[in-house]
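K.L.:
Before I ask anything, let me first share the structure, which is written out below as structure tokens.
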2 protein chains.
Amino acid sequence: MSDLKSLFEPRGVAVIGASHNTRKIGYRVVDNIVKGGYKGGIFPVNPKAGRIAGVDASRSINEVIGEVDVAVIAVPAVHVLDAVKNCARKHVEHLVIITSGFSEIGNNEEEREIVNFARDHGMRVLGPNIFGLYSGRVSLNATFGPSDITKGSVSIVTQSGAIGIAMIGKTAYEGIGLSSVISVGNKADLDEADLVEHLMHDDDTRAILMYLEGVREGERMVSVLEQAARTKPVVAIKSGRSARGAAAAASHTGSLAGSDEVFDGIMKQCGVMRAETIEEALDWCAFLSRAPEPKNDNTVIITNGGGVGVLAADASEKYGVHLYDDASVLHDAFGANVPDFGSTKNPVDLTGAATAKDYDSSLSTALNDPRIGAVICLGCETAVFDAKQFTDVVKKKYADFARTKPVVFSLVGGAAIEQGITTLRQNGVPAFSDVNDAVSCMGVLFGHRRFMRQPVKDPERVPLDVQIIGSVIASVKGDGRNFMLANEARQVMEAAGIALPESLVAKNFGAAVEAARGIGYPVVMKIVSRDIIHKSDAGGIALNIENDDEVVDAFESISRNCKEHVPNAHIDGIEIAKQVPKGIETIVGARRDPSFGPIVMFGLGGVYVEIMKDVAFRAYPLSRAETMSMMGETRSYPLLLGARGDERKDIETVTDVILRLGTIVKECPEIADIEINPLVVYDQGEGAKAIDVRILLSQNESKG
Amino acid sequence: MSDLKSLFEPRGVAVIGASHNTRKIGYRVVDNIVKGGYKGGIFPVNPKAGRIAGVDASRSINEVIGEVDVAVIAVPAVHVLDAVKNCARKHVEHLVIITSGFSEIGNNEEEREIVNFARDHGMRVLGPNIFGLYSGRVSLNATFGPSDITKGSVSIVTQSGAIGIAMIGKTAYEGIGLSSVISVGNKADLDEADLVEHLMHDDDTRAILMYLEGVREGERMVSVLEQAARTKPVVAIKSGRSARGAAAAASHTGSLAGSDEVFDGIMKQCGVMRAETIEEALDWCAFLSRAPEPKNDNTVIITNGGGVGVLAADASEKYGVHLYDDASVLHDAFGANVPDFGSTKNPVDLTGAATAKDYDSSLSTALNDPRIGAVICLGCETAVFDAKQFTDVVKKKYADFARTKPVVFSLVGGAAIEQGITTLRQNGVPAFSDVNDAVSCMGVLFGHRRFMRQPVKDPERVPLDVQIIGSVIASVKGDGRNFMLANEARQVMEAAGIALPESLVAKNFGAAVEAARGIGYPVVMKIVSRDIIHKSDAGGIALNIENDDEVVDAFESISRNCKEHVPNAHIDGIEIAKQVPKGIETIVGARRDPSFGPIVMFGLGGVYVEIMKDVAFRAYPLSRAETMSMMGETRSYPLLLGARGDERKDIETVTDVILRLGTIVKECPEIADIEINPLVVYDQGEGAKAIDVRILLSQNESKG
């Protein structure tokens, strides 16, 4: 864990490359620091010295008198290394390198040299290729973005500079307060994980927003995010969902975008809520940073229009908001507020005749009734709905709600309504013109609450005979292959304690018959050859072998087929395996993801994965409970639960196999990818069998 | 087809129940008509006469001198019938009944009496329980909603009064022009279909927005919507997606909400675009009513921030917008606009250094290049991005774009940016703060274009021997059942030309053996009994019967099992059927939907439908092409196309069977529901077999 305290609370800040030209970044940063009200030492550095934004500049950082914990570097790329060297002499702790022209344009070496030098001299690097850093705790706006930042309790960590600057502007306009904004750019040293690790312990931060394009060192990020989401809500926007988007992301930053499904699964695992748009993410964070914790999940919709009530009920289902449905309690609570032609059912319909006074009393009811946990309050423009009066009522009521009970508002109508929404928002009230926007905020609040209430799941580590696996790998590599043959994969599975059907490899008729008798009929027979990967295409598989004669026939025809199909194939023999009874076919796998390191995968067999793309992912290590959550995300999971009158299947064994595969990939860095397809699963207690196992080694040398 | 010309262009309008009290609906309607600038006759009717909103009132409509084509009725419910009778004497053509207190609170009879009287006297009824009608063509605001309505080319048809009024307010604020607004309320006579049928021929209307809670007379609606969507874009918001929402919708209006999946399928069939929220629907309609037709679908994203570019690329995939990807053309076109460190790939990245001038030139390029069909222009707040200058450039450029090429804008940033968006929107420019909102508008434009370019698909009618089916139905009913036995269902299938495996019903061993020999082994055997619906639960099915002995054994065991399971069951015999070879199992069905009448359904067999809910629906009648579109919507459809190296299946026969089932339900109103599960489908040209057919009759007497 890195200590970033002095990055966020520096005693003094130097700006190397401070400029006299007010249009240059080097001027704007100094100006923003001064205007932002930072009380520490402000040290512009410019060879010509003079005064910059009202502050005396030094010719060199080494001429600065006073402690400099942070140096903002905004000199041209070619001068950055020199500046870093000067900073080392001044014992600077953190470098905020705004300058671009490094790895984002392929200039990796210079970036690496700078970071290596900095780390060797006890300095950490933020950037390069960033717009700077804002730290609300010391009112430090060391960015070249807007000078007007509203202090508050949302922290933003952004990979994109442009989006970061735009979000600062948007939050200021919307009255959303920020505790910090950090641009991470090329992440040459400090990355999101380092920053989130700091922010999770920062009392000023009540919600964290991350804008990500790609993930590197994902293993560490997963463990940090899991911890962070248990302390406060974390919201992520990840661009590059689509193939085209991923290509665009890769072209404009230096990082791999990764598979969106993998990212999605891992964010669920970490309890991170994923927003689709910038507006959604900001709305969520603003709400999450302000809303009190709900006492229970009984949510009530109060409306003056049936139509918007129904739209809100639809949205509640979509966003996982539980609508309270005890009709007698609701009637008891709201009977006095609702006219005869209205409804005390949820949505509570005050009818189009409702005035601001009616809202006042029903909001009071909802606020004071301990059976109600949260409130969604809707208003439609009507002849009697006075937006101004309503706004006043809400402002007054919200003061009480803000301490007691989560509430969101949505108002639909014309200019007076829109003015009301703007006024409410500027007063920190969660008010929206779109019903879905309001309900989705409530949804993430409850989603975070559910995550926080889950018991901490300790990742499960499975003991593994790494030595046996290591010797198999060595022999495969010695043979110049990067894939394992059937008998090699079997040794790995056995070392990991994963059950396969009994089998033997036979080199001739006699051995084959003997093997089949020993195993017991029926058996299946498969070619074993390093030259034949697609066994069934080559006619290299025979099923339902019932007796000795059939073994001989099959041996002959498999040999003949394969020789025809791949004339010079080297045949290692023919595998004779017990033919297992039918069960539910699943696919389980583990692989080393370029972003996240070891990940595991689950799906139902064959068609479900290949055609319906019905799979789920998690990062390894993970707990048994989380493995089961992953499986439960697939649409076909009910088949394992015993749908259609069938028995419940041995889900425990599937969980176990998945954890074992994850362990193999984690412990054996030379293994890139393992897939069992199918893993045939039997009724509960009766286990599962790995029928076909494919193991690939890393193409390059292991990276550890 | 009803002629509603005089409803939208009346020579004179009476307001029965006009009030002197300015706070009453009866005053507001008169006041709105006067203020709206309607040039026809305005006739307030009030027993006390006098002047209302500056107009002389009559004591009774029969005292009015002048033509009255429309009478707005706002008297209490008990007086409505009398008012309607007076209107008949005055030869009024259209009644706009604002008054509530009819079917929406269970008072169906009085509503029916009013409508029957009106129809008998040549009058059509809008409402009751509505807020009125706005017709831009004659500047008639006969509503009690806002008096300020912006004239334009979007028409709104709404079932919810509150949402309608709110939308009027919102459109006025947003500068979205309306050509008409019609509140349909209880739809006792005129419904959405009647109004859309009128609006599709209305040259003032360029886009139609419908807010629906439930659908009645859905058959007519489907045919009207299909025609309407070929003339202009139609956008629908349907509330009650969720179970809870549907319950709320049913409680506050008088109509059934229907299954959301059915509604969704039918809207696709009709080319109607479904919006999720009010804001989305209004944004779409405003854009669709103004945008020129795209010349081609090559869309280009222009941005100054890579991050928002990626978000827009993601959104383009989501909303079906084709991003132009000819790199050499793009480089040729934008090379001069983009600096070295930017990108001419799509998204075209002008970089954070882009000024309003750079946008000006790249927008000009995009506008003038005939290879580019549409433009998505994004801007992030930066140090050099001047929102004011940008807004001016866009306003100027948009004047050209508006006639030539669809364009949307999205800007992210602070107060200056938000001000820019507001200014642009008020000038009719499609500008949004959220990237997805901008891209989704482009998506519906292209979606509508694709629908318009599809050849008109004539619904396919299949000849049917209705007489045979009728006699089977008569015999089932004569037997006091509402479900058909296997042999009855077989007769219906044969009358409809749907192939079943050869089969016979045998009453004893001998007949069974004879039947099996005649059919040819292997056969399956199934109990035939009106008392045993779940045959396999009762042990009433035997598969893989290979020879005479097995027939005898199976006959015995089926008889014994069934007698044990249902002691007093009446056994009609045992069916001996050819055991068909394996194929792809599908489920096809047709039923009478309470909202839409005959509908058809398709899904892949067993697990896909039951666990994965992977089914699609359409309204009948439909074309072959549309039937195939329906099948193509299921995620498992690739199995029929011959996924995983398999042969393409006989999709044509499945299409044919679906159309035949639809025809049966359409032509035989006494049949409520038919399902073939499974319909086993073979390779192309080899047909399909209906293995199990379930046919249910309507519980009540046929409603025709």
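K.L.:
About the Cα centre of chain B, what is the dipole size in debye to 20, counting +1 per Lys and Arg Cβ and -1 per Asp and Glu Cβ, all else neutral?
P.N.:
That gives a dipole near 2300 debye.
K.L.:
If you take the alpha carbon radius of gyration of chain B and divide it by 2.2 N^0.38 Å, what ratio comes out, to two decimals? List each step's numbers first, then the result.
P.N.:
On the way: Rg = 31.3 Å, N = 704, 2.2 N^0.38 = 26.6 Å.
In units of the globular-protein estimate, chain B measures up at 1.18.
K.L.:
Of A:Asn677, A:Ile576, A:Ala354, which is farthest towards the positive pole of chain A's charge dipole, taken about the Cα centre with +1 and -1 on the beta-carbons of Lys, Arg and Asp, Glu respectively?
P.N.:
With unit charges placed on the Cβ atoms, the residue in question is A:Ala354.
K.L.:
Which whole-number percent is the relative contact order of the stretch A:292-453 (Cα, under 8 Å, 6+ apart)?
P.N.:
29
K.L.:
Still on this structure, I have one more. Between B:Val78 and B:Ser60, 0.36 nm times their residue separation minus their Cα-Cα distance comes to what?
P.N.:
Taking 0.36 nm per residue and subtracting the Cα distance, the gain is 4.8 nm.
K.L.:
Return the percentage of antiparallel bridges among DSSP beta bridges fully within the protein assembly as shown, rounded to the nearest 5 %.
P.N.:
50
K.L.:
Can you tell me the alpha carbon radius of gyration of the stretch B:148-290 divided by the globular rule-of-thumb value 2.2 N^0.38 Å?
P.N.:
0.96
K.L.:
Step through the residues of the stretch B:449-465 one at a time and calculate ³J(HN,Hα) from phi using the Karplus curve (6.51 cos²θ - 1.76 cosθ + 1.60, θ = phi - 60°), rounding each to whole Hz and writing x for Gly and Pro.
P.N.:
4, 4, 5, 5, 7, 5, x, 4, 9, 6, x, 9, 10, 9, x, 9, 8
K.L.:
Taking only Cα atoms, what is the 0 to 90° angle, nearest 10, from helix B:218-231's long axis to the longest principal axis of chain B?
P.N.:
Taking Cα atoms only, the helix is inclined about 50 degrees.
K.L.:
For chain B, what does the relative contact order come out to in percent, with C-alpha contacts under 8 Å and a separation of six or more?
P.N.:
Details: 1528 pairs, mean separation 58.3, N = 704.
Computed over chain B, the figure is 8 percent.
K.L.:
Moving on. To confirm my reading of the symmetry, which residue of chain A has the Cβ nearest the axis that brings A onto B, and what whole-Å distance does it have?
P.N.:
A:Met612, 4
K.L.:
Then there's this: How large is ³J(HN,Hα), in whole Hz, for each residue of the stretch A:678-684 in order, when computed from phi with the Karplus curve 6.51 cos²θ - 1.76 cosθ + 1.60 and θ = phi - 60°, using x for Gly and Pro?
P.N.:
x, 9, 8, 10, 9, 4, 3
K.L.:
Over the stretch B:1-83, what is the relative contact order in percent, taking alpha-carbon pairs closer than 8 angstrom and at least six residues apart?
P.N.:
Working: 143 pairs, mean separation 29.8, N = 83.
Normalised by residue count, the contact order of the stretch B:1-83 is 36 percent.
K.L.:
Lysines near A:Lys268 by alpha-carbon distance under 23 Å, same-chain residues fewer than 8 away left out - which ones?
P.N.:
Filter leaves A:Lys232, A:Lys238, A:Lys318, A:Lys457, A:Lys613, A:Lys666, B:Lys318.
K.L.:
From the C-alpha gyration tensor of the stretch A:1-127, pull out the three semi-axes of the equivalent ellipsoid (sqrt of 5λ each), sorted largest to smallest, in whole Å.
P.N.:
22, 17, 13
K.L.:
Where does the charge balance sit around A:Val29 when Lys and Arg score +1, Asp and Glu -1, over other residues with C-beta under 13 Å from its C-beta?
P.N.:
Local charge sum for A:Val29: +3.
K.L.:
While we're looking at this one, here's another question. In nm, what does the list of distances from A:Arg461 to its counterparts in the other copies look like, shortest first, when each label sits 7 Å along Cα to Cβ?
P.N.:
Result for A:Arg461, in nm, nearest copy first: 7.5.
K.L.:
Take A:Asn482 and A:Asp3, extend 7 Å from each Cα along the Cα→Cβ direction, and tell me the distance between the two endpoints in nm.
P.N.:
4.4
K.L.:
For the stretch A:373-378, take each phi angle, set θ = phi - 60°, evaluate the Karplus expression 6.51 cos²θ - 1.76 cosθ + 1.60, and give the result in whole Hz per residue in order, putting x for glycine and proline.
P.N.:
x, 7, 9, 10, 10, 10
K.L.:
Using label points projected 7 Å from each Cα along Cα→Cβ, tell me how many nm separate B:Asp203 and A:Arg648, to one decimal.
P.N.:
In this crude label model, B:Asp203 to A:Arg648 measures out at 7.1 nm.
K.L.:
Treating the beta-carbon of each Lys and Arg as +1 and of each Asp and Glu as -1, no other charges, what is the dipole magnitude of the protein assembly as shown about its Cα centre, to the nearest 20 debye?
P.N.:
Working: 148 positive and 186 negative charges, 887 e Å.
For this selection, approximately 4260 debye.
K.L.:
Could you list B:Met452, B:Met273, A:Met200 so that the one with the fewest beta carbons within 10 Å of its beta carbon is first and the one with the most is last?
P.N.:
Lowest to highest Cβ neighbour count: B:Met452, A:Met200, B:Met273.
K.L.:
Continuing with the same structure: How tilted is helix A:108-120 with respect to the longest principal axis of chain A? Cα atoms for both, answer in degrees (0 to 90, nearest 10).
P.N.:
Relative to chain A, helix A:108-120 is tipped by roughly 70 degrees.
K.L.:
Only sites in a loop by DSSP and with at most 12 other Cβ atoms within 10 Å count here; which trypsin sites (Lys or Arg not before Pro) in the stretch B:553-654 make the cut?
P.N.:
B:Lys582, B:Lys613, B:Arg644, B:Arg648
K.L.:
Another question, then. Placing the label point 7 Å from Cα along the Cα-to-Cβ direction, what are the distances from A:Leu696 to the equivalent spots in the other copies, shortest first, in nm to one decimal?
P.N.:
Result for A:Leu696, in nm, nearest copy first: 4.9.
K.L.:
So how tilted is helix B:466-478 from the main axis of chain B? Cα-based, degrees 0 to 90, rounded to 10.
P.N.:
70
K.L.:
OK, next. Of B:Ala327, B:Val272, B:Ala74, which is farthest along the charge dipole of the protein assembly as shown in the positive direction, counting Lys and Arg as +1 and Asp and Glu as -1 at C-beta?
P.N.:
It is B:Ala74, whose Cα lies furthest towards the positive end.
K.L.:
Among DSSP bridges having both ends in chain A, what percentage is antiparallel? Round to the nearest 5.
P.N.:
50
K.L.:
Using only helices, what value at 222 nm comes out for chain A when you add -39,500 (n - 2.57) per DSSP H run of length 4 or more and divide by the total residues, to the nearest 500 deg cm²/dmol?
P.N.:
Result for chain A: -12500 deg cm²/dmol, rounded to the nearest 500.
K.L.:
Once the stretch A:545-649 is represented by equal point scatterers at the alpha-carbon sites, with solvent omitted, what log10 I(q)/I(0) does the Debye formula produce at q = 0.23, 0.24 Å⁻¹?
P.N.:
-1.15, -1.22
K.L.:
Right, next: Taking loop as defined by DSSP and a crowding limit of 14 other beta carbons within 10 Å, which trypsin sites (Lys or Arg not before Pro) in the stretch A:394-468 fit?
P.N.:
Passing both the DSSP loop test and the Cβ count: A:Arg461.
K.L.:
Mind putting a number on the dipole of the stretch A:148-290 about its Cα centre? Charges go on the C-beta only, +1 for Lys and Arg and -1 for Asp and Glu, and I need it in Debye to the nearest 20.
P.N.:
180
K.L.:
Sticking with this one: Measure out, as a whole number of angstrom, how far apart the alpha-carbon centroids of the stretch B:452-529 and the stretch A:67-123 sit.
P.N.:
Here the two parts' Cα centres lie 82 Å apart.
K.L.:
May I pose another question? Please work out how much length the chain gains when fully extended from A:Asp683 to A:Tyr521, using 0.36 nm per residue of separation minus the C-alpha to C-alpha distance, in nm with one decimal.
P.N.:
Here the answer is 56.1 nm.
K.L.:
Can you list the lysines whose alpha carbon sits under 28 Å from that of A:Lys578, skipping same-chain ones fewer than 8 residues off?
P.N.:
The qualifying lysines are A:Lys507, A:Lys526, A:Lys535, A:Lys563, A:Lys649, A:Lys689, B:Lys582.
K.L.:
Turning to a different aspect of this structure: Going by the alpha-carbon gyration tensor, a ≥ b ≥ c the square roots of its eigenvalues, is the protein assembly as shown rounded (a/c under 1.5) or, if a/c is not under 1.5, prolate (a/b greater than b/c) versus oblate?
P.N.:
oblate
K.L.:
Could you give, in nm with one decimal, how far A:Ala569 is from each other copy of that position, shortest first, with labels 7 Å out from Cα toward Cβ?
P.N.:
5.1
Where a number appears in this text, it was derived from the coordinates with a stated rule and is not lab data. Note that the structure is predicted; figures quoted are calculated from it, not measured. Note that we place each Cβ from the backbone using ideal geometry, even for glycine, and neighbour counts take in every protein chain shown.
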